[in-house]
Structures are given as C-alpha cells and as structure tokens.
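The values are calculated or read from the model by the stated rules, or taken from the named source; none is laboratory data. Note that the structure is predicted; figures quoted are calculated from it, not measured. Virtual Cβ from ideal backbone geometry, glycine too; neighbours counted across all protein chains shown. Note: areas computed on protein heavy atoms with side chains; ligands, DNA, RNA excluded. Shrake-Rupley method; radii C 1.70, N 1.55, O 1.52, S 1.80 Å.
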Amino acid sequence: MMPAASMRVPDEAVASALARAQAYVLEKQSPNGGFCFYRGYYLEEPSLADTWHGLAALSTLGAVPWQGDSHAAFVIAQPVEPQPFALYYRVRALGVLGVADPMAADVRWAIGSLQIRRHDPAVHASLTLSLQRLRCTLWLKQHFEMPFEVDEIIQALLNCEGEKGGYGTPPNVLDTEAAIGVLKLCNRPIASRTMDFVRVMAEPNFGFRLTAGALSPNLETTCAGVISCSRMDMPVPYAQAATAFILSCQTGNGGFGRSADALPDLALTHMALTTLIDHA
C-alpha cells in the first residue's frame, strides 16, 4: 500500500524503528571481529565494508558496539588495499572506534597513490559508482591533508548536467545525489537547475521518483532525494511521505531492505538511518 502524502509519521513510530534497527545491527557483530550482514549459525564471514556500515550505523544512533576491541583488531588485520573504498572503510571504521592504525604509513602511501579520475563509461558503467569512488578518494586526501587538483574534474562533471538539471542518462536522482556529494565536498556551488530537478522528482506517495519517466519506488531513490535536499539546504517537498516509505522498507528483524519485501543488509540500514536521523 502506498504511504499517503498527508500522513504524519508519529515520533514514537520513528523511535521504535530506530530501536529495532539498533538491535539488528548489534546482532550482526561477529564473535571473530567485524560485522557480517548475512551471518548465521554456520556462516561467519565479516567484511571491511560491513564493519564500516555497522559501526557507522551505531554511531549515527549514538550506540556503542559490544566488541569494539575485536572490531578494531579485525580492521587492522585487513591488508592495506590501494583502492578508494577499502581505504575509506578502514580509515572511517578506525576513526569511529577511536583507534590509531599501526599501518598508518602504508595507508598514507596508498592514499597518496590514488588517482583522481573523471567518469569513464568504458571503465565504470554506473555514474553513481564512479562518483562514489571519486568522493571517497577526495575525502581521504582531504582527511590526510594531501594536495590535489580537481578543477578539470569538477568542470567536466558540471558540463554533463542535463539542460533541465540532474545528472545521469537519463537524469536521475541517484546520479544527481552522488554528483551533489562531490560538489559539496569540493566546496563548489550547486546550480539552481539541480535544485529544480530534485524538486520536480519529488513524488507525493514515496518521497521521490528515480527519473521523469520512471517511478522506481525503492529505499535508495527516496534516500537519495532526501539527502540531496539536505545538502542543498532545501526542504523535502513530501517529507512525511518520504519518511513513511523509508520506514516501510524496514523488515521484521529490524534491518532495512530496498523495499518492504527485500533482503535487508547493513549498507542499506546505514543509509536509512543516516537519512532519517541526519537528513530528514
């Protein structure tokens, strides 16, 4: 059933959802260290990505993991991979835990070696993924106060925005949110047509639609729309509908999936909590 645009989501409903989500995340702590979203009685494979999302979700909730030392040991034991996502998860996870990295010199070298690249469809079909990689690279270099030049990359990004606003082919909310994230990280102004595009993509039943010609009601689309509004300091047109839809994506065990009937995971749960708490 579609959430009504005029629905007022009770504060207690949100509080209950957050409590259930916290229980879900805590349950995904692995006794061997780290987090694993699909852990069960016979399967225990914590990953660096799940560990970051689990710790970030708890941090957003103001909660503390039960096994902080083992989580830190798990992160530190991972090889220092010279790629943006792995380095980002490592640095952010240890930052949340307040633990120094004994491999800090290797981490700095790996980050210094990261190339700042513009989107190449031949390499990455997804503009969103390409921009997320770029944002991780830029964040890491900023965090470690490393010099970098992005003027050419930013100009290329600005040049690919649609005439009526929005990024992607066709312009869509996911690519647009990723582009806004890069621009904000680089302290670049957001064009008024970008705001107009996000405003037009607002939808009274689910919060946001993916493109002008496709509804695609799912957690990522609605969260991307809400986060875009927040980053551009503009009100969410159908805030209550967006909140109601996000809450409808919470499953029986407290985790969030792409839709009400989808499999939950830690990354989606982290996204939902960040949207509800930091951006809604």
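Residues in segment 200-210 that are under 19 Å from residue 161 (Cβ atoms) and surrounded by fewer than 18 Cβ atoms within 10 Å (Cβ to Cβ): how many?
Matching residues across segment 200-210 total 1.
Restricting the first residue to segment 221-239 and requiring it to be more than 21 Å from residue 258 (Cβ to Cβ), which pairs with a second residue that is open to solvent by 50 Å² or more (accessible area, probe 1.4 Å) meet a Cβ separation below 6 Å and a spacing of at least six or different chains?
Cβ pairs passing all conditions: 231/184; 232/195; 234/195.
Within the set of pairs 6 or more residues apart or between chains, which connect a residue that is open to solvent by 30 Å² or more (accessible area, probe 1.4 Å) and at pLDDT 95 or above inside segment 42-61 to a residue that is of a type in the set (D, E, K, R) and assigned to a helix (DSSP H, G or I) with Cβ atoms less than 9 Å apart?
Pairs found: 60/278.
Quick one: what pairs do we get from segment 82-98, first residue closer than 11 Å to residue 59 by Cα, second among the small types (Gly, Ala, Ser) and open to solvent by 50 Å² or more (accessible area, probe 1.4 Å), C-beta under 6 Å, 6+ apart or different chains?
96/59
Go through (1) in a helix (DSSP H, G or I); (2) modelled with pLDDT under 95 for residue 94 and report which single condition fails.
(2)
For residue 148, state whether it is aromatic (Phe, Trp, Tyr), out of contact with any Cys (no Cβ under 7 Å at 6 or more places or on another chain), open to solvent by less than 70 Å² (accessible area, probe 1.4 Å) and more than 30 Å from residue 29 (Cα to Cα).
yes
What is the residue count in segment 98-126 for residues that are part of a helix (DSSP H, G or I), open to solvent by less than 40 Å² (accessible area, probe 1.4 Å) and in contact with a Pro (Cβ under 8 Å, 6 or more places away or on another chain)?
Total satisfying the criteria: 1.
Just the residues that are within 18 Å of residue 16 (Cβ to Cβ), open to solvent by 40 Å² or more (accessible area, probe 1.4 Å) and touching a residue at least 40 places away in the same chain (Cβ under 8 Å), please, taken from segment 253-266.
253, the sole residue that qualifies.
Collect the residues in segment 217-252 that are of a type in the set (Gly, Ala, Ser) and surrounded by fewer than 19 Cβ atoms within 10 Å (Cβ to Cβ), keeping them in residue-number order.
230, 239, 248, 252
For residue 77, work out the one condition from (1) over 17 Å from residue 266 (Cβ atoms); (2) under 20 Å from the mean Cα position of the chain (by Cα) it doesn't fulfil.
Among (1) over 17 Å from residue 266 (Cβ atoms); (2) under 20 Å from the mean Cα position of the chain (by Cα), residue 77 violates only (2).
Could you please give the count of residues in segment 187-199 that are within 14 Å of residue 229 (Cβ to Cβ) and buried (at least 16 other Cβ atoms within 10 Å of the Cβ)?
So the answer is 6.
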